[in-house]
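Following: one structure in structure tokens, then a few remarks.
The values are calculated or read from the model by the stated rules, or taken from the named source; none is laboratory data. In this text, all values refer to a predicted model and were calculated from it rather than measured experimentally. Counting neighbours? That spans all protein chains shown, and the Cβs are built from the backbone with ideal geometry, glycine included.
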Amino acid sequence: MTSNHSHRFTIALLSAAVIAAAFLVKPCLFAADSAEKDISEALAECHRVYPLSGSRGGFLYGYTANTLYSAQLLPDEALTYVTVSGIIRAVSHSGDCAYALYDSSSSQRDSCVLKLNIESGEYESFSVGKLGSADKTSFAVSDDEAFVIKTDDIYAYVQSFRLGGNELHKYKFNSNLSRLFQDGSNVFALLYTGELYQIGNGSSQYVARLETDSTPFNAGDGYIVTDKHELVSLYDGSTEYMMSAKPKLTTASEYGLITHSGSSVKCGSREVLRCSSPAYVLSCKNLCAAVYSDFSYDITKLNTENDNAKPDKSPAESNRSLRNNSVGQSDDDEISLTIPYTIRNRTICDVESSLSVSEFFSRFDKKPELYNADGARIYNGNIKTGYTIRYNDALYEIAVKGDLNCDGKLKDNDVSALMLHLAGKKPLTGASLIAADYNLDSRVSNADLVLMAKAAEK
């Protein structure tokens, strides 16, 4: 593995001497007489490991049946952990603290929340009582409010508790909940419709709509990436479809979006670290780490001697390929093409409604091959959402602006389909969802509905 600014870290930190205290074991992080346990050994024991990047640091955190681990890799190395008397069900990480939801082994069999300060090693444990129908695999904490998903006779809802045991708030929605998600100190509820809400202090606020059945992952402060290649800003709800955005291998930084493609880690379009098959990519300030399956890792600096300026663009904008000739074609290569349209997630997304096939072909420097949804070759008629072209040996799906029902035209029934989508009653997916972004601002909103309604009247 080669990089001008990278080096392999051999991680070895002295771990805790085990000291019994009630039903917890408190870590002594630097006890000279303790048995040695390094970060890679600790993480290898975990049932699950999660990445977390941000200005606070680059972390991997996880858990075994009864031990919570927080391993900081950037900007410095540190390992913090604590063992509980019980079974850990889920973990979370926020700021300087790692948290675990666990079932106590005491006679009461209550559920408890463990709060571990990763700076000092100090911890506290709080009983939250018997959670009953709660989904104990979905858990988050913000400040002194812990969140779990519970179910009533109609829908699942979010129940929060004060760290200390008392119930605080119920957060109810008009659709069923899929999961809780945490980014920094903020907690989000994801519905099965794809709607994402920020919750806390008794209130909820709509943030964005993800593609249905998406799973979100942390992608740095204020950003998430889904398993369907959606990069979502939690600041303004904007969504960008990017094939290079992969869960656990994508993170936003002040120097641009960091992704892994082929045999290298890139910041924007610039290669910063050459490596193959990392399991995670982390970032913190001007540092980036590629972490491998054995939890060894390489680190590189994002700013170089010849490139110290911070970019003016957001992480999404720094990687965006809109109305230009540079389009990412695969995980391994970037091929220069001359497609006269906006490309998102291998979809041509700004084709006008009622556009003829002949006019569409005339805009390319060489004639593409056109296919309908059944794979039949098309030579005439109108371009429709769901059609596919083959051009320069690559395939692209087509999203006709406002054509949500895939007939090539923008009509009242398309407006009705968008209304149902925004109401959460019949979510759009795939090319139809991209076609609903009428103003091409990377999100589907009421602004698109207004523009589509006006266009349909003409």
Q. Only one residue in GLN205, GLN108 is in a strand (DSSP E or B) and of a type in the set (S, T, N, Q). Which one?
A. GLN205
Q) TYR102: buried (at least 21 other Cβ atoms within 10 Å of the Cβ), under 21 Å from PHE147 (Cα atoms) and in contact with a Gly (Cβ under 6 Å, 6 or more places away or on another chain), yes or no? A) yes
(Q) When you check LYS401 against the structure, is it touching a helix residue (DSSP H, G or I) at 6+ places or on another chain (Cβ under 7 Å) and surrounded by fewer than 16 Cβ atoms within 10 Å (Cβ to Cβ), yes or no? (A) no
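So which strands (runs of 3 or more DSSP E) are wholly in region 222-284 and hold at least 1 residues that are touching a His at 6+ places or on another chain (Cβ under 7 Å)? Even if it seems obvious, please write down each step before you answer.
Values: elements: 223-226, 230-233, 239-241, 250-253, 256-261, 264-267, 270-274, 280-284.
Counting at least 1 such residues, we get 239-241, 280-284.
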**Q.** The one condition in (1) surrounded by 21 or more Cβ atoms within 10 Å (Cβ to Cβ); (2) closer than 26 Å to SER276 by Cβ that HIS229 fails to fulfil
**A.** (1)
Q) Would a scan of region 158-170 turn up a residue that is acidic (Asp, Glu), part of a strand (DSSP E or B) and more than 20 Å from GLN205 (Cβ to Cβ)? A) yes
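Which count do you get for residues in region 111-121 that are buried (at least 17 other Cβ atoms within 10 Å of the Cβ) and without any contact (Cβ under 8 Å) to a residue 40 or more places away in the chain?
Residues of region 111-121 buried (at least 17 other Cβ atoms within 10 Å of the Cβ): 111-116, 118, 121.
Still in the running and without any contact (Cβ under 8 Å) to a residue 40 or more places away in the chain: 111-112.
Within region 111-121, residues that are buried (at least 17 other Cβ atoms within 10 Å of the Cβ) and without any contact (Cβ under 8 Å) to a residue 40 or more places away in the chain number 2.
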Q: Could you grab me the full set of residues in region 366-397 that are over 16 Å from THR342 (Cα atoms), among the hydrophobic types (A, V, I, L, M, F, W, C) and surrounded by fewer than 17 Cβ atoms within 10 Å (Cβ to Cβ)?
A: ALA373, ALA376, ILE378
Q. For residues in region 394-440 being within 18 Å of GLU230 (Cβ to Cβ) and in a helix (DSSP H, G or I), which is modelled with the highest pLDDT?
A. ALA435
Q.
Restricting to region 122-171, name every residue that is without any contact (Cβ under 8 Å) to a residue 40 or more places away in the chain and at positive phi.
A. GLY129, GLY132, GLY164, GLY165
